[in-house]
1. Go through 40-47, 52-59 and give me the packing order, highest mean Cβ count within 10 Å leading.
2. Along region 46-56, what does the Karplus equation 6.51 cos²θ - 1.76 cosθ + 1.60 (θ = phi - 60°) give for ³J(HN,Hα), rounded to whole Hz, x for Gly and Pro?
3. Could you pull out the pairs from K24/K77; K2/K52; K2/K25 whose alpha carbons sit more than 27 Å apart here?
4. Under the Karplus relation 6.51 cos²θ - 1.76 cosθ + 1.60, θ = phi - 60°, what is the ordered set of whole-Hz ³J(HN,Hα) values for region 71-76, x standing for Gly and Pro?
5. How long, wide and thick is region 1-57, going by the Cα atoms along their three principal axes, in whole angstroms, largest first?
6. Put a dot 7 Å past each Cα toward the Cβ at S20 and E75; how far apart are the dots in nm?
Amino acid sequence: MKSLNELNEKYDLELEKVVSEILKKKCKLVLLQFPDGLKPYATAVVDYLESKTSSTFLIWLGDCFGACDTPNLGEVKVDLVIQFGHNSLQPTY
């Protein structure tokens, strides 16, 4: 499992903004969608978000080819979908 420290060295996912949005909307169930390059950090992100909110998180493990690639959840009702990406989040070497 990759750590949140490793992630923060490369990218700024603006997790405080995510926390703020979850709290503002009083979300109970949140779906997190990551591109393949960020999926190794998904559980670290969930651990962090769980420590800051009382929400339950689902990680979308299907493919993600950009913001227009929203998951088909069928009967599952989520309060919020957060799509992470790394096109505009350039690594800080």
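Where a number appears in this text, it was derived from the coordinates with a stated rule and is not lab data. Note that the coordinates shown come from a computational prediction; the quantities given were computed from them, not determined experimentally. Here Cβ is always computed from backbone atoms with ideal geometry, including for glycine, and neighbour counts include all displayed protein chains.
1. 40-47, 52-59
2. These are the phi-based 3J(HN,Hα) values: 4, 4, 5, 5, 5, 6, 9, 9, 10, 7, 9 Hz.
3. Working: K24/K77 18 Å; K2/K52 19 Å; K2/K25 29 Å.
Violating the 27 Å limit, Cα to Cα: K2/K25.
4. In residue order, the calculated couplings are x, 8, 8, x, 7, 6 Hz.
5. On the principal axes, region 1-57 reaches 29, 18, 16 Å in Cα extent.
6. Distance between the two pseudo-spin positions: 3.8 nm.
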